[in-house]
Every structure is written in structure tokens, then in C-alpha cells.
Amino acid sequence: MSFAFGIGIGTQNNQGEWLEVYYPQPLITPDTELIDVAETSLDYQGGNQALSVTAEQLVQFANALRQTGQTDQARLAEQAARSTRPVVVTILATDDTASSTPEAYLKLHLLSHRLARPHSLKLDGLFGLLPNLAWTSEGAIDLNELPERQLQARLAGRTLEVRSVDKFPQMTDYVVPSGVRIADTARVRLGAYVGEGTTVMHEGFINFNAGTEGTSMVEGRISAGVVIGKGSDLGGGCSTMGTLSGGGNIIISVGENCLLGANAGIGIPLGDRCTVEAGLYITAGTKVRLLDDHNELVETVKARTLAGKDDLLFRRNSLTGAVECKTNQSAIELNDQLHANN
Ligand SMILES: CC(C)(COP(=O)(O)OP(=O)(O)OC[C@H]1O[C@@H](n2cnc3c(N)ncnc32)[C@H](O)[C@@H]1OP(=O)(O)O)[C@@H](O)C(=O)NCCC(=O)NCCS
């Protein structure tokens, strides 16, 4: 049983190096028959391979796929045979560390197509395989080739718009998963996992290998590796601490039906039905006063000891400045109100 498969249309630079690849219909655990056909038609020899294929090979591949009843992939292979851009067939026998740009892009597609959940894929070494590119109105361009392309565009009466200079493209140029609303598409990177029913407002951001499991209103930042549970909302400008730069190695997550208030932040994972007051940033070492239902102090603990616990309300006492934690009474009502207009 192979791990993943994709027929991709990509971009190469003047040296013939892959810059990016678009896989319209990636597959996870593809049928054995499909892989058998790739062996005979494309000379796939097993293992993890990104095969550069010619139009003739694709026609042969399409015919063989059709004979085995793989009509969707056969149709795609036929279309790809007419591509004016380079075509790659990427087959991953196992989820090993990627070793080429097409392999890295296939993994990012698996996440954004919701075929693989964040943290379920081996993504080490990914950055080294994603070239930093100009993402332009005329596609991905190698930065060394950008000045010439800008000049050529101007000479031909066009302006080449450079939308970003980054290793990751925006997700929506590759896939728009069902049931989502994204106000500013530049804020969601390829490799994000955006759950059905999620709204990402203009201030919202979702990095790769991170995302939402279902209905969520995202007006804050979901850093790499962070997963937000169903029914949870991220208020305007709030922050979830990632693990990429100095965020430590605790993987941050938010359970179901939580609310991170506007400009709040978390450096610990939250359980279900938790609320963090607007403007309060809780780091793992924050000293927290635990209060009972009569607002009496029970004990003082570090926030990391509350990681993953359910039904908590965090707030900064506006009179004393101390961070306090109480049982959360109103989480569900707040969420119902917020989701009314999703
Ligand atoms: C923390 C939060 C959830 C508390 O809301 P709440 O549970 O409705 O609490 P209330 O405002 O009704 O306050 C209850 C009591 O606690 C007190 N209180 C609330 N916050 C307090 C604070 N930070 N310090 C001291 N007392 C506080 C209130 O004064 C009130 O006191 P009372 O019983 O004497 O009247 C709310 O302030 C908050 O930050 N919500 C986030 C909203 C948000 O940002 N949404 C996203 C928009 S983009």
C-alpha cells in the first residue's frame, strides 16, 4: 500500500529546477492498481519519486488508467498531456522526509485538501525544499529571474504584480476546501487545514500544518502546528504560540467551544469550553491564582499545570493585575452568539 500520489502541473526556473507544483487531485493511500499502472507506463521503480513525464507518457498512462477504471486520474492525465507547463507524477511509497520540491508540495496539498490532519505527516526538512519565490500575477518566479520578467512585462505594456515573496504560496491558489469563508486569501498559507464551517476574517491567519477542525470564527493567528477544535473562536488579533521560533516545544492546541478574546494569547494548550479574557496573554510560566466560585483563592499555580484542562476562564484582575482562573460559566452562550452570523 503506497502512501500518496499526485499528478501535478508545476513551474521550473531557467535551470529546470522545480519552483512549485499544483496537484488538482492528490490521493492518500492510492489504489494498488494505480501504482501498478505507474510502474508499467511511467517506469516507476518504487520508493518516493517525483517523475518528470512527457506528453506521450501521460497519454499512455491515461489509457492504462482508464482500462483499470481509474477514470478521474485518467481524465487528469489526459488534460496534463496537453499542458504547456512541466508535468510531474509524484508517488510516495511511504511518509518519509521529503527529498524534492514536488514531494514537499504534495504533502502541503494533502493537508489543505483535508486528506491528512496537522501533525500526521513527516514534515522535517520542508523549508529547505521550498524555494523563496516571487508569487506574481503571472505565477511563481525565481527571484533571480524576477527583474528580467518585470522588465519584459513592462515592455509588453503589462505590470507584473508581486503579491508576496515567500516560501509558501497562498492556499486558495491551489485549493479552496468546501464550506469555508476566507476574507483575505493571502492570510492562509498552502498546507493549512481549514475545517468545514470555518470563517477566516481579515485579521485571521493560518500557517501550514495548522488549522481548524470544524466551525470556527478565526480573527486571530493560528501559528504553525496549532490546531483549533470545533466550535472555538479566535477573537480579533489574538495569538497562539507556535513552535517554530522560540515558542518552546509544547504543542499549542485549543479544544472545542473555546473563546480566545481579542488580543489575547496562549502559550499553553487549552481544553474544551475555555475562555481567555480579551488582552490577556498566558504563557506556560505565568503564575495564576485559582479562584473558587466565591472568588476566594484556592492556590497559585503555573499556567502549564492547567494545560489541556476543560471549563476554565482566564482573566487579568483589573484591580490587582494578577492573572486569575475560574470555572467558565458562559463559554457556550458566547459561542452560540458568535456563530449566529458565520
Ligand atoms: C473575560 C470575559 C469573558 C468575562 O466576561 P463575563 O464572563 O461575561 O463576565 P462579566 O463581564 O459579566 O463580569 C462578571 C463579573 O466579573 C467582573 N470582572 C470581569 N472581568 C474582570 C477583570 N478582568 N477583573 C476583575 N473583575 C472582572 C465584572 O466586573 C463582574 O463583576 P460583578 O459580578 O461585580 O458585576 C470577557 O471580559 C471577555 O474578555 N470576553 C472576550 C470577548 C472577545 O474578545 N471576543 C472576541 C471579539 S473579536
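Scanning the stretch 288-303 for residues that are away from the ligand (no atom under 16 Å from the Cβ) and open to solvent by 30 Å² or more (accessible area, probe 1.4 Å) yields VAL298, GLU299, THR300, LYS302.
The number of residues in the stretch 178-200 that are part of a loop (DSSP other than H, G, I, E, B) and either surrounded by fewer than 19 Cβ atoms within 10 Å (Cβ to Cβ) or among the aliphatic types (A, V, I, L, M) (or both) comes to 8. Among the residues making up the stretch 57-85, a single one is part of a loop (DSSP other than H, G, I, E, B) and surrounded by 17 or more Cβ atoms within 10 Å (Cβ to Cβ): GLN70.
Can you say whether GLU203 is open to solvent by 30 Å² or more (accessible area, probe 1.4 Å), modelled with pLDDT of 95 or more and more than 16 Å from the ligand (Cβ to nearest atom), as far as the supplied structure shows? Reasoning before the result, please.
Values: open to solvent by 30 Å² or more (accessible area, probe 1.4 Å): yes; modelled with pLDDT of 95 or more: yes; more than 16 Å from the ligand (Cβ to nearest atom): no.
In short, no.
Only residues that are in contact (Cβ under 8 Å) with a residue 60 or more places away in the chain and open to solvent by 40 Å² or more (accessible area, probe 1.4 Å) were counted in the stretch 206-225, giving 1.
Residues in the stretch 293-323 that are charged (D, E, K, R) and free of Cβ contacts under 8 Å to residues at least 12 places away in the same chain: GLU296, GLU299.
The values are calculated or read from the model by the stated rules, or taken from the named source; none is laboratory data. In this text, all values refer to a predicted model and were calculated from it rather than measured experimentally. Neighbour counts are summed over all protein chains in view; Cβ atoms, including those assigned to glycine, are modelled from backbone coordinates with ideal geometry. What goes into the accessible areas is simple: the full protein's heavy atoms, side chains included, and nothing from ligands, DNA or RNA. Shrake-Rupley method; radii C 1.70, N 1.55, O 1.52, S 1.80 Å.
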